[in-house]
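The values are calculated or read from the model by the stated rules, or taken from the named source; none is laboratory data. Since the structure is predicted, the reported quantities are computational estimates derived from the model, not experimental observations. Every residue, glycine among them, receives a Cβ derived from its backbone with ideal geometry; neighbour counts consider all protein chains shown.
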Amino acid sequence: MNSMPTVLAWMPQGWEWLIILLIVVLLFGARKLPDLARGIGQSIKEFRKGAKEGHEEKPAAKTEEPKKGNGQ
């Protein structure tokens, strides 16, 4: 029986990361990599900020009382 979980079996390991890095460098060029990494970092920061704001707003929406009809 394999002790590695199925989800982790699809993750690149060892030499595979080096091959992926080489392909990225060839596609984008070494000069563009810092800009690419900066953009990814900013995207993650904005995503976390949005998720945090959405999480904070969610409980406030539950405290609202439902509107009452006119009794018909």
Wholly within the chain, helices (runs of 4 or more DSSP H) carrying at least 1 residues that are modelled with pLDDT under 80 and within 22 Å of the chain's Cα centre (by Cα): 6-9, 33-62
Residues that are basic (Lys, Arg) and either surrounded by 11 or more Cβ atoms within 10 Å (Cβ to Cβ) or in contact with a Ser or Thr (Cβ under 8 Å, 6 or more places away or on another chain) (or both), drawn from segment 10-43: 32
